[in-house]
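What follows draws every value from the coordinates through simple rules; no lab data is involved. Remember, predicted model here, so these are calculated numbers, not experimental data. Note that each Cβ is placed from the backbone with ideal geometry, even for glycine, and that neighbours are counted across all protein chains shown.
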Amino acid sequence: MAKQIANVAAAGATKSPDAGERLDSWGEIALYLNCEIRTAQRWEEEGLPVHRLQVQKQGRVYAYKSELDEWRRKRDPRWESEPKVHDPVEQVKNLRQAPGSWIRTLSGVVRKRAVVVLLSAALITSVYLGWHHLKLVPSQKVLAVLPFVNLSGDQQQEYFSDGFTDEMIAELARLQPSNLGVIARTSVMSYKGTHKSIDEIGHELHADYILEGSIMRDANRVRIIAQLIQVGDQTHLWADSYERSLEDILSLQRDVAEAIAGQIQIKLTSQERSRLAGARKVNIKAYDAYSLGRFHWNKRTPQEITTAMEYFQQAIREDANYAVAYAGLADAYALLGSVPNDGMLLVSPCPWRRPMPPRLSRSITHWPKPTFPSPTRSSPSIGKGRRQRSTSSKRSNLTPATPPDINGTRCT
């Protein structure tokens, strides 16, 4: 058997034009022809000069470059004018530049390299754009307003200190939300009366700055002490005290907000400065009632919400133009529908209305029958020569109107 294989190999060697021109696999043949292996195997059925060598049960193929060139010359006469370059990279360039050539699939190695290059370019572009964005857009600074401490010594004044804290949070949050973020009230109120350090509170709230202070009210005068602390090194950036009339409490809050904005380098626009300078005086009684309403509203129980509604109504009665009191009343009604209200008794079904006097209530039960004016001669519904009916006959045919519901089951 070995002798037979040697004879076949010797015969193939004698027929070969040149041993250096021999291609010993389908891969080498396909690479030489600038095509895929499947295409080369299909061309074998069309007469591609491929030789086969049978070794036991395995078969091998080989071909000669001169025979392949002759076959291609007979198959496509234009092939003689094309440059015969056997470098894979140059073959790909020639295939793309040659007129009438078709696009062939690149090898796996070239495809992988192309994917790596594209991914690298995408990564470099994303990193550059991200750095450019961070360079142009300043990072947002975060401020936490801790509950102001009540120094009046009267626990009944807790509503006033909590209300001042709420309004300072709202005032600071309106400055520039894109540059200054203010921690919500629910998060900071849990630190009321805490003994934690500034560093602990700042890291728990992820805040860069903390505003803390104290407040004391004496009749219609109010005095506050506020200080701004940087969490990073726990140093005081700013501290000041203010004493104003209670009527000017809004201007006091805006003065504090403007001072804090300057300390943490928030540049206010002219519109924001004009808004801060345009604070109006408040009605002291209306402000007190509103602060009490917010104090009870924040407890979020049905009974407390009902009490808050009464205070909001009182604030509206004191100052009909006090917009925040209407907003508080709307918040109370909105919250009332989302809390459990089993066993809750409202003071009245329409709390913003005063109760009806008993004498007026009795008079409404005897609701008068409606009267209609007598038609005139110019009325188009009365024709000429028709007899007019008297008003009394009309009134006798009408049924009494239903009196309105005064038992408190609905409000109109």
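What distance in nm separates the simple spin-label points at ALA334 and LEU118, each placed 7 Å from Cα in the Cβ direction?
Rounded to a tenth, the inter-label distance reads 5.0 nm.
Taking 7 Å along the Cα-to-C-beta vector as the label spot, tell me the GLN271-ASN298 distance in nanometres, rounded to one decimal.
Roughly 3.0 nm, to one decimal.
Among LEU228, LEU53, which comes first, then next, by fewest other beta-carbon atoms within 10 Å?
Fewest to most other Cβ atoms nearby, the residues stand as LEU53, LEU228.
So between ARG38 and VAL127, what do we pick up on full extension, going 0.36 nm a residue minus the alpha carbon distance?
Residue separation times 0.36 nm, minus the Cα-Cα distance, leaves 27.8 nm.
Please compute the volume of the convex hull spanned by the alpha-carbon atoms of region 141-282 and report it per residue in Å³.
102 Å³
Whole-Å semi-axes of region 204-350's equivalent ellipsoid, largest first, each the root of 5 times a Cα gyration tensor eigenvalue?
Values for region 204-350, descending: 33, 20, 15 Å.
So how strong a dipole does region 141-282 carry about its Cα centre when Lys and Arg Cβ are +1 and Asp and Glu Cβ are -1, to the nearest 20 debye?
Value, rounded to 20: 480 debye.
Placing +1 on the Cβ of each Lys and Arg and -1 on the Cβ of each Asp and Glu in region 262-308, which of ILE266, PHE295, ILE284 has its Cα farthest towards the positive end of the resulting dipole?
Positive-most Cα among the choices belongs to ILE266.
Quick one: which of LYS196/LYS299; LYS141/LYS285; LYS267/LYS299; LYS141/LYS196 span more than 31 angstrom between C-alpha atoms?
Details: LYS196/LYS299 24 Å; LYS141/LYS285 37 Å; LYS267/LYS299 36 Å; LYS141/LYS196 22 Å.
Listed pairs above 31 Å: LYS141/LYS285; LYS267/LYS299.
Computed from the mean reciprocal separation of all distinct C-alpha pairs, what Kirkwood hydrodynamic radius does region 115-223 have, in Å? Walk me through the numbers on the way to the answer.
On the way: mean 1/r = 0.0595 Å⁻¹.
That comes to 16.8 Å for region 115-223.
Mind ranking 232-241, 259-268 by how tightly packed they are, going by the mean number of other C-beta atoms within 10 angstrom, highest first?
Descending packing order for the listed peptides: 259-268, 232-241.
Quote to one decimal, in nm, the extra length available between ARG244 and ARG280 on full extension: 0.36 nm per residue of separation minus the C-alpha distance between them. Mind dumping the intermediate values first?
Working: separation 36, 0.36 × 36 = 12.96 nm, distance 1.35 nm.
Stretched fully, the ARG244-ARG280 segment lengthens by 11.6 nm.
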